[in-house]
Amino acid sequence: MNEIEKVLQPNVYVFAFHLIGDTSSRNNPLWNWGEDFLESFTTEKFKSYLDFSGEASNLRVDLLPDISLNFETKVSYSHSELDVEGFAIPIKIGDSYALWLNVGFSDTCVEEVSPQWLSIFNPENLLGIVTGEEFLGETILITAKLPSQPQPPSREILQSLADKCRNALLPEKYRPAFNRADVLFGSPIFEYGLIKQTANYRHLLVWFPDSEASEDQLNIYQKEIVDLFFYRNKIIKAFHNSREIYRLLFNFYRQVEDTVNSLQQRIDELDRDLTTENLQEFKEELKKLLKAGLAYTQALIKLEDYDNTIAINLNNYTDILQKICDILENDKEELSILNHFSRKTAPYFRSQIAADLGYFRHGTHLIDQAIASIRGIVEIEQARNDRTNQIALRDSEKGERDRDDRLESTVQAIGVGLAAGGIAASSGTDELFKTVQNHQIPIVMHLHPFAFSFSLSFAIALFSAGITWWLTKPKNG
């Protein structure tokens, strides 16, 4: 069968999401981007009509409660002019804003057109290029009916047509790669965008509703579809952020390994006693490891937070999906493109993060062991130094005490000697001198009485001092 070259009533739906953030509600970047996009189709500005009065008390709020921002206009392509219409619906969901935009051909348009007409629905290539840390992502949905066919087209033919729609809407540098084919409300749908391409991920769906029932269901569940895409984008944003933390932890882990190996080598090369320089180096290394350990732990906690974010939003996603299935009274195969995300994709995200946490938690043990080893070395060396200082201090104090004791002994000896000499001098040395002279001792015969008295007193003083010093001197050992 030949390829399909024409489509009916092509439409573009954009579901974009942005955290509320710290800026004023009316100046959120999402509103500015939305008005820039709509400027090519209508003069209506929705930002000035936004009503934030109910957003504080409600989880989900229509920010244009009393206004329906619909528009009709004419667009030209390849020397033809056709009528198009669209709408803008700004919403607050939880901690974020959502903007649902539509522009396309009306249900009354019966003219078959080339997929290239979709290029006029991306003025100035504004689709798919919203950026910023607080931008959660967007899902672009292209819908188009198929012209009457003699027999149902094959999947290959439909995918080729979906590729043409993608290529017409988005310039080459912004075109996401084909991911998978599935069904939505029983009609074929093609998904573009590989989630693992975190640096340049875009999500595009091309849907070919093959019955009025399929189209009606999209309108009936429009609120749920917006919410599903919101939770989907929050999950993917959390996973992409977790990959940044993964890369940070991976580099951190390698640095810690290198540091620990280097420390072990330095420890093995050290002499028995650390020098003061070695000790200071280990102390500095300990400070670095403590700081690194804190940063590493914070990164692990952040990774766990992203896992929790995925778990919470996946639960919300699954609940909404089940709600639609309950109303449809069928299984989730009617929504297999949406069910696949909750059944396969998001659980894979969680298993990947769980594996990362299991691996990188070993890094905390490695850091703890390195810190404990350095602390042990430093504490042992510090204790040894303290012991040496205590011994030196004790020896110094003992030396001072010995010097004090010797000084005290000497003072006592001198005092006793002087006292004894003074007593001797005043205790009748004249009589003694006369007695010695009467015995005619030669050495004394020629002495003056004063010299005899002084010499005798000095001798007694010296003898008394010597005896006193010997008796009072410090005893060693």
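Note on Ser262 and Lys45: the extension gain reaches 71.8 nm, defined as 0.36 nm multiplied by sequence separation minus the Cα-Cα distance. Among Asp66, Asp227, Asp95, the order of accessible area from largest down is Asp66, Asp95, Asp227, computed with a 1.4 Å probe on protein heavy atoms. At the residue level, Trp117 shows approximately 20 square angstrom of accessible surface with a 1.4 angstrom probe and all protein chains present.
Heavy-atom accessible area for Asp216, with the other protein chains in place and a 1.4 Å probe, reaches approximately 80 Å². The mean sequence distance of close C-alpha pairs (under 8 Å, at least 6 residues apart), as a share of the length of segment 185-232, puts its relative contact order at 35 percent. Placing R0 at 41 angstrom, the Cβ-Cβ distance between Glu224 and His79 gives a FRET efficiency of 0.50 after rounding to 0.05. Counting only heavy atoms of the protein chains and using a 1.4 Å probe, Lys288 has close to 130 Å² of accessible surface. Extending 7 Å from Cα along the Cβ direction at Ser25 and again at Tyr174 yields two label points whose distance is 2.9 nm.
In terms of accessible area, using a 1.4 Å probe and ignoring ligands and nucleic acids, Ser342, Ser53, Ser40 rank largest first as Ser53, Ser40, Ser342.
Taking 0.36 nm per residue of sequence separation and removing the Cα-Cα distance, the Phe87/Asn32 pair yields an extension gain of 18.2 nm. With a cut-off of 12 Å between beta carbons, the residues surrounding Phe87 carry a summed charge of -3, where Lys and Arg count +1 and Asp and Glu -1. Full extension of the chain between Asp326 and His365 gives 9.2 nm of extra length, using 0.36 nm per residue less the Cα-Cα distance.
Taking every lysine pair in segment 1-153 that is 8 or more places apart or spans two chains, those with Cα atoms closer than 21 Å amount to 6. For segment 1-132, relative contact order (Cα pairs under 8 Å, six or more residues apart, normalised by length) works out to 35 percent. For Phe178, neighbours were defined as the other residues whose beta-carbon sits under 11 Å from its Cβ, and their charges (Lys and Arg +1, Asp and Glu -1) total +1. Placing pseudo-labels 7 Å out from each Cα toward the beta carbon at Glu134 and Ile157 gives an inter-label distance of 5.0 nm. Taking Lys and Arg as +1 and Asp and Glu as -1, the other residues whose beta-carbon sits under 12 Å from that of Leu136 total -1.
When the residues His362, His79 are ordered by accessible surface, computed with a 1.4 Å probe over the protein chains alone, the sequence from largest down reads His79, His362. Provide the FRET efficiency to the nearest 0.05 for the Asp107-Ala354 pair, computing r from the beta carbons and using R0 = 56 Å. E(calc), rounded to 0.05, equals 0.75.
The values are calculated or read from the model by the stated rules, or taken from the named source; none is laboratory data. Remember, it's a predicted structure, so these values are computed and weren't measured experimentally. In this analysis, Cβ positions are derived from the backbone assuming ideal geometry, glycine residues included, and neighbour counts consider all displayed protein chains. Surface areas here come from the heavy atoms of the whole protein model, side chains and all, with no ligands, DNA or RNA. Shrake-Rupley method; radii C 1.70, N 1.55, O 1.52, S 1.80 Å.
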